[in-house]
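Asks: Okay, here's the structure, questions in a sec.
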Amino acid sequence: PHSWANASGGLSVLSVVSVLALIVLSHYFPNQYTEQEAKKLGVVGWVKNTSQGTVTGQVQGPEEKVNEMKSWLSKVGSPSSRIDKTNFSNEKEISKLDFSDFNTRY
């Protein structure tokens with residue numbers, strides 16, 4: 001269980017949200033950096049490079065942590081990438097997580 005879950009296994013009073021991300025890039029985006037950042041923050045979900053030169057993914061976790069991840073995806077990213085545009089959509093509160101970890105899809 002994540003550190004923000006309470007002892008009974010339920011979610012803490014923090015609002016838990018799910019958000020979809022689409023990142024438009026100029027350079028290749030190695031997703032191991034995204035995985036490392038997500039695991040450091042304690043959010044769950046997935047990330048994937050698309051054939052259109054974008055990265056898409058889903059992030060779930062406490063609103064504060066999801067917002068930190070959104071900021072990282074928008075401003076930092078991986079060392080070799082240049083982020084042209086980031087679009088977040090379908091943000092909503094959820095009652096339980098759909099994922100137990102954060103990983104890269106192929």
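The values are calculated or read from the model by the stated rules, or taken from the named source; none is laboratory data. This one's a predicted model, so the numbers in the text were calculated from it and none came from an experiment. When we count neighbours, we look across all protein chains shown, and the Cβ atoms used for this are built from the backbone with ideal geometry, even at glycine. Areas reflect the complete protein model, heavy atoms only, side chains present, ligands, DNA and RNA absent. Shrake-Rupley method; radii C 1.70, N 1.55, O 1.52, S 1.80 Å.
Asks: In this structure, is Thr54 modelled with pLDDT under 85, in contact with a Leu (Cβ under 7 Å, 6 or more places away or on another chain) and β-branched (Val, Ile, Thr)? Walk me through how you get there before you give the answer.
Replies: Details: modelled with pLDDT under 85: yes; in contact with a Leu (Cβ under 7 Å, 6 or more places away or on another chain): yes; β-branched (Val, Ile, Thr): yes.
Against the criterion (modelled with pLDDT under 85, in contact with a Leu (Cβ under 7 Å, 6 or more places away or on another chain) and β-branched (Val, Ile, Thr)), Thr54 qualifies.
Asks: Count, please, the residues in segment 78-106 that happen to be part of a loop (DSSP other than H, G, I, E, B) and either closer than 17 Å to Thr54 by Cβ or polar (S, T, N, Q) (or both). Lay out the reasoning, then the answer.
Replies: Quick first cut of segment 78-106, residues part of a loop (DSSP other than H, G, I, E, B) only: 78-82, 94-101, 105-106.
Imposing the further condition that a residue be either closer than 17 Å to Thr54 by Cβ or polar (S, T, N, Q) (or both) reduces the set to 78, 80-82, 95, 100, 105-106.
Within segment 78-106, residues that are part of a loop (DSSP other than H, G, I, E, B) and either closer than 17 Å to Thr54 by Cβ or polar (S, T, N, Q) (or both) number 8.
Asks: Can you say whether Ala21 is over 20 Å from Tyr106 (Cβ atoms), at pLDDT below 90 and aliphatic (A, V, I, L, M), as far as the supplied structure shows?
Replies: Numbers: over 20 Å from Tyr106 (Cβ atoms): no; at pLDDT below 90: yes; aliphatic (A, V, I, L, M): yes.
Criteria not met by Ala21.
Asks: Let me ask another. Inside segment 57-77, can you point out the residues that are of a type outside the set (Gly, Ala, Ser) and assigned to a helix (DSSP H, G or I)? Reasoning before the result, please.
Replies: The initial filter retains those residues of segment 57-77 that are of a type outside the set (Gly, Ala, Ser), namely 58-60, 62-70, 72-73, 75-76.
Result: Glu63, Glu64, Lys65, Val66, Asn67, Glu68, Met69, Lys70, Trp72, Leu73, Lys75.
Asks: Further, regarding this structure: For residues in segment 79-90 being open to solvent by 70 Å² or more (accessible area, probe 1.4 Å) and touching a Leu at 6+ places or on another chain (Cβ under 8 Å), which is farthest from Val19 (Cα to Cα)? Walk me through it before giving the result.
Replies: So the first thing to find is which residues in segment 79-90 are open to solvent by 70 Å² or more (accessible area, probe 1.4 Å), and the list is 79, 82, 84-85, 87, 90.
Going one step further and asking which of them are touching a Leu at 6+ places or on another chain (Cβ under 8 Å), we end up with 82, 84, 87, 90.
Values: Arg82: 22, Asp84: 19, Asn87: 10, Asn90: 6 Å.
Among those that are open to solvent by 70 Å² or more (accessible area, probe 1.4 Å) and touching a Leu at 6+ places or on another chain (Cβ under 8 Å), it is Arg82.
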